[in-house]
Amino acid sequence: MWGVIVNRFKQGFRTLSYPKEVPVFPKRFRGRLMISAAETQCSIDKTKDPLGAVVPGKKPAVDLGKCLFNEEFKAVCPEGLTYSQDHRLAVSKREDLIIRDNEVKLAAALNEKTRRIFGRSLKLREVCAGSCNGCDAEIQAMGNVVFDLSRFGIQFVASPRHADGLMITGPVTKNMELALKKTYEAVPSPKIVIAVGACAISGGPFAGGKEVHNGVDGLIPVDLYIPGCPPHPLTILDGLLRILDKLEKER
Ligand code: SF4
C-alpha cells in the first residue's frame, strides 16, 4: 500500500492542462497538411497518390479525409507539401476537409438545444466497423491519465440504448453494415455520429475494396469528421469539444 502511495507521489500530476494551454507536440508529429498554392511549386506526381488525396488544378487542393498523414505522402509534391504542428482537423461537413489556400475550417458547435442535452454528459458507443484498430487505440488513449476524457463529462458506454451517439472507426466492411445500421437505430434521438480516421471518412487505404463501403456517410448521416490515420487523441478531443462549444473561440 505504501509503495503505491509513494509511487503516486513520484509520478506527480500527469494530466495535460489542455485546453487551458496550447498543447506542444514532438517535432515528428504530423498535423494539418499544408500545400503550396502555386502550381510552379507543386508539380503533382499522381503515381505517388493512389488514394487521390491531392486534387490538381491551378490552385491544388488536398483532401484531409483521404490523406494517411504518412511521410511518404510528401513525395506527391516534394516542394509543395508539408505537415504543420496543428492538431485541429475535425470538421462538421465532408467538403470542409478539402483544403484550398491552406484555409483552416473547423467543426461547428451543435445547436443550442442539442448542446443543452449533451453538453454536460455525452455518452458515446464506439463501433469498430472493420478498422485496423489503430484509430481504436487512440480513442482508448483518450481515457488515460494524460488526456482524461471523463473530466469533460464524455464517456463511452456499452449499450447504444444508453448512448447519445456513435463514434465509428473503419471503412465499414460489408459484414458490419447491418450491425452498424442496427446500432444506429438503437441510439435514441437526438443522436450524433462521429467518423474517426481516414477509413471511416473515405475508406482510407481500403477504399474501392469489394468487401468494404468507402466510409460511414454513405450509410448513415455523419455530424463530425475527424481525419488522420490514426488521428491523435487531442485531434479527436478537439473535435468533441468543438461540437459541445467547450473551446475558447480563438482556439
Ligand atoms: S484510418 Fe488508419 S489507423 Fe484508422 S483504421 Fe484506418 S488504417 Fe487504421
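The values are calculated or read from the model by the stated rules, or taken from the named source; none is laboratory data. The structure presented is a predicted model; accordingly, all values stated were derived computationally and were not measured. FYI the Cβ positions are ideal-geometry reconstructions off the backbone, even for glycines, and counts take in every protein chain you see. Ligands, DNA and RNA are excluded from the accessible area calculation, which covers all protein heavy atoms including side chains. Shrake-Rupley method; radii C 1.70, N 1.55, O 1.52, S 1.80 Å.
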For this session: Determine the distance separating the Cα centre of segment 165-191 from the Cα centre of segment 89-158; give it in Å without decimals.
Result: 15 Å
Problem set entry | Exposure of LEU68 as accessible area (Å², to 10), given a probe of 1.4 Å and all protein chains | 40 Å²
Exercise. Which percent, to the nearest 5, of DSSP beta bridges fully inside the chain are antiparallel?
Worked result: 35 percent
Problem set entry | Hits among lysines - C-alpha to C-alpha of LYS174 under 21 Å, sequence gap 8 or more where chains match | LYS66, LYS182, LYS210
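Take the solvent-accessible surface of the protein heavy atoms, probe 1.4 Å, and return the percent of it on the chain that carbon and sulfur atoms account for.
Roughly 54 percent, rounded to a whole number.
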Seminar exercise, completed: Summing +1 per Lys or Arg and -1 per Asp or Glu among the other residues with Cβ less than 14 Å from CYS128's Cβ gives -3
Problem set entry | Rounded to the nearest 10 Å², the accessible area of SER36 at probe 1.4 Å | 20 Å²
Exercise. Looking at segment 1-109, which chymotrypsin sites (Phe, Trp or Tyr not before Pro) are in a loop (DSSP not H, G, I, E or B) and have at most 10 other Cβ atoms within 10 Å?
Worked result: PHE13
For this session: Working from Cα positions, state the angle (0 to 90°, nearest 10) between the long axis of helix 2-11 and the longest principal axis of the chain.
Result: 40 degrees
Problem set entry | Calculated P(r) tail over 23 Å for the chain, as whole % of Cα pairs | 52 percent
Seminar exercise, completed: Here the longest stretch of the chain that holds no GluC sites (Glu not before Pro) in a DSSP loop having at most 15 other beta carbon atoms within 10 Å is 104-210
Exercise. Under a GNM of the chain (C-alpha, springs under 10 Å), which listed residue has the highest mean-square fluctuation: ILE99, ILE117, ILE168?
Worked result: ILE117
Problem set entry | For segment 49-68 versus segment 212-236, the gap between their alpha-carbon centres in whole angstrom | 17 Å
Problem set entry | Relative contact order [Cα under 8 Å, 6+ residues apart], segment 112-243, whole percent | 26 percent
Exercise. For the chain, what does -39500 (n - 2.57) per DSSP helix run (n ≥ 4), summed and divided by total residues, give at 222 nm, in deg cm²/dmol to the nearest 500?
Worked result: -6000 deg cm²/dmol
Seminar exercise, completed: For VAL127, other-chain or 5+-apart residues with amide H closer than 5 Å (H placed, Pro excluded) are MET167, ILE168, THR169
Exercise. Which whole-number percentage describes the relative contact order of segment 52-145, with Cα contacts under 8 Å and a sequence gap of 6 or more?
Worked result: 21 percent
Exercise. Taking only Cα atoms, what is the 0 to 90° angle, nearest 10, from helix 233-243's long axis to the longest principal axis of the chain?
Worked result: 80 degrees
Exercise. Counting DSSP beta bridges in segment 112-243, what percent are antiparallel, to the nearest 5?
Worked result: 5 percent
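Per residue, how many Å² of accessible area does segment 112-243 show with a 1.4 Å probe? Don't skip to the end; give the middle numbers.
Details: 5510 Å² over 132 residues.
Spelled out: the 1.4 Å probe surface of segment 112-243, per residue, equals 42 Å².
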Exercise. Non-local amide H neighbours of MET34 (under 5 Å, H modeled in plane, Pro and chain starts lacking H): which ones?
Worked result: THR82, TYR83, SER84
Exercise. Lysines near LYS27 by alpha-carbon distance under 17 Å, same-chain residues fewer than 8 away left out - which ones?
Worked result: LYS74
Exercise. Which of the listed residues, GLY80, ALA107, CYS135, is farthest toward the dipole's positive end in segment 70-151, when Lys, Arg count +1 and Asp, Glu count -1 at the beta-carbon?
Worked result: ALA107
Exercise. Under the classification rounded if a/c is under 1.5, otherwise prolate if a/b is larger than b/c and oblate if not, where does segment 112-243 fall, given a ≥ b ≥ c as square roots of the Cα gyration tensor eigenvalues?
Worked result: oblate
